[in-house]
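Notes to accompany the following structure.
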Amino acid sequence: MWNERKSANFARQLVSWRRMFHAYPEVSREEKQTSELIVSILNNMDIEVKTFNNHYGVCGTIYGKYPGPVVVFRCDMDALSITEVTDVPYRSTNGGVMHACGHDGHMAIALGLAEMFSCHNDFAGTVKILFQPAEEAAPVGGADLLIKEGLLDNADVIFGLHLWPDLPCGHIGIRSGPLMAASDRFTIRILGQGAHVGQPQNGIDSITIAADVIQGFGHIMNRQIDPLEMATLSIGKIQGGERYNVIAREVEMEGTVRTLGEKVRSEIKAKMERALSGMTSVHGGDYTLNYQYGYPILDNWPKPTDIVTHAAKQVIGDDAVHNNIKPVLASEDFGRYLSKVQGAYFWLGCTKDGAEKHGLHSPDFDFDEDALLIGVKIMYQTGLNALVHYKKEETIMDPKTKQDSIEE
């Protein structure tokens, strides 16, 4: 199946798809052209396609020759509001928009996976491939849209991947349990009272209060949170004041909380409220806090993680599979799916040996396109293994308990 000639031709097709998507990126909730291209390619493969009225998501379904489990794969479609600075011939043609997070590669891998299953459908079961819009639209991303469409209602398991520049091409990273963080977002308004700087006693300085609040948040993380917990509280934007010689009446701050445990996640908002109340009342000011719970922890299920790990070892060998990789505090809405159905997510290495590494969301991000074929091979083998495994399973795990009911 993966002879050298066929692999080379297939790899060229994957690269062609990836570069097409890269040249015409679209931001979250505006993926119209991207969606139309995907639908056209899937139609040419004679794959059943489902589209939707209120978003640009796409679902391709491949039916095996025999009844069996439903295995789902997901990729994301949206680009970022970033101006590309690379000089590659396939650079973005849409000013100020760029596939700087590898979603162009994810779509190419998903299309390759669809072609593999459609050409080799001598299996028992059904394969669904979800092309998800608006992954970058935290705190409410596109995963919620596809879940509401009922696309997981009959699913036995779901798998996904992300191109990962911190790993070399030909390697993957995965772990059972938390892999990526919950991402919550907040906006704080510090409310003071304006006055002339020559008479500060007549005002309430919102900038001074904001400085105290930021220091207080640091104390929360340093002294009120278990140091063995992975969590961050960051202010990414601060804006306030009207003029150099006026006591600032109002300051607005925006930030994010990232956590890898639900207990610490639930504690931080209350601690922030307590700090804000204390700091503002000391100065005679006030505050508002708008706290939005966003993407959940991406928490891999044990058995699906084992399936991916075994499949990857079959494709790239034991030494290239890092199956207890350290989690990160970046976030991904694939965690939404994992709260509904068992599944696993992994990182696909994409940095060429000796090449300069550019991180995700960087305006000069690019990746080794050899990773595309590797990604398809791993996902395809994962799917084959999952179809066999879940065919033998008599009961489906309860998502609330995550107790594995599978006899080894």
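The values are calculated or read from the model by the stated rules, or taken from the named source; none is laboratory data. All values derive from a computational prediction rather than experimental measurement. Ideal geometry is used to build each Cβ from the backbone, glycine not excepted, and the neighbour counts take in all protein chains shown.
Quick notes on this one:
- Only residues that are buried (at least 16 other Cβ atoms within 10 Å of the Cβ), assigned to a helix (DSSP H, G or I) and of a type in the set (G, A, S) were counted in the stretch 34-59, giving 1.
- Failed criterion for I62 (all others in (1) assigned to a loop (DSSP other than H, G, I, E, B); (2) surrounded by 22 or more Cβ atoms within 10 Å (Cβ to Cβ); (3) over 24 Å from the mean Cα position of the chain (by Cα) hold): (1)
- Number of residues in the stretch 155-180 that are in a loop (DSSP other than H, G, I, E, B) and under 18 Å from W301 (Cα atoms): the value is 5.
- Residues within the stretch 297-328 that are assigned to a loop (DSSP other than H, G, I, E, B) and under 16 Å from S176 (Cα atoms), tallied: 7
- Among the residues making up the stretch 107-125, those that are surrounded by 18 or more Cβ atoms within 10 Å (Cβ to Cβ) and over 16 Å from T382 (Cα atoms) are M107, A108.
- The residues of the stretch 281-291 that are of a type in the set (V, I, T) and either part of a strand (DSSP E or B) or surrounded by 22 or more Cβ atoms within 10 Å (Cβ to Cβ) (or both) amount to a single one, T288.
- Lone unmet requirement of (1) of a type outside the set (S, T, N, Q); (2) at pLDDT below 95; (3) surrounded by 19 or more Cβ atoms within 10 Å (Cβ to Cβ); (4) in a helix (DSSP H, G or I) for M397: (4)
- Of all residues in the stretch 178-201, those satisfying the criterion of being farther than 30 Å from L338 by Cβ, touching a residue at least 40 places away in the same chain (Cβ under 8 Å) and of a type outside the set (G, A, S) are I188, R189, I190, L191, Q193, H196, V197, P200.
- Residue list for the stretch 191-208, restricted to those being assigned to a loop (DSSP other than H, G, I, E, B) and under 42 Å from the mean Cα position of the chain (by Cα): G192, D205
- One residue stands out among those in the stretch 65-81 that are out of contact with any Cys (no Cβ under 9 Å at 6 or more places or on another chain) and more than 21 Å from T382 (Cα to Cα): the one that is surrounded by the fewest Cβ atoms within 10 Å (Cβ to Cβ), which is S81.
- Qualifying positions in the stretch 251-275 - part of a helix (DSSP H, G or I), in contact (Cβ under 8 Å) with a residue 60 or more places away in the chain and of a type in the set (G, A, S): A275
- Screening V341 against (1) within 19 Å of Y390 (Cβ to Cβ); (2) under 13 Å from the mean Cα position of the chain (by Cα); (3) not in a helix (DSSP H, G or I) leaves a single unmet condition, (2).
- Scanning the stretch 122-146 for residues that are in contact with a Gly (Cβ under 7 Å, 6 or more places away or on another chain) and in a loop (DSSP other than H, G, I, E, B) yields F123, P133, A134, E135, A138, P139.
- Of A79, A138, all but one fail to be modelled with pLDDT under 95 and touching an Asp or Glu at 6+ places or on another chain (Cβ under 8 Å); the exception is A138.
- For the stretch 322-343, a residue qualifies if it is more than 20 Å from A134 (Cα to Cα) and either buried (at least 23 other Cβ atoms within 10 Å of the Cβ) or assigned by TED's automatic domain parsing to the domain that holds L233 (or both), and the qualifying residues are Q342, G343.
- Screening G278, G294 for residues that are loosely packed, with under 15 Cβ neighbours inside 10 Å and either in contact (Cβ under 8 Å) with a residue 40 or more places away in the chain or of a type in the set (D, E, K, R) (or both) leaves exactly one candidate, G278.
- Test: residue in the stretch 109-123 that is free of Cβ contacts under 8 Å to residues at least 60 places away in the same chain, at positive phi and not aliphatic (A, V, I, L, M): no
- When L130 is tested against (1) surrounded by fewer than 23 Cβ atoms within 10 Å (Cβ to Cβ); (2) touching a strand residue (DSSP E or B) at 6+ places or on another chain (Cβ under 6 Å), just one condition goes unmet, and that condition is (1).
- Taking the listed residues T232, T208, the one that is among the hydroxyl-bearing types (S, T, Y), touching a helix residue (DSSP H, G or I) at 6+ places or on another chain (Cβ under 9 Å), within 30 Å of D306 (Cα to Cα) and at pLDDT 95 or above is T232, with no other qualifying.
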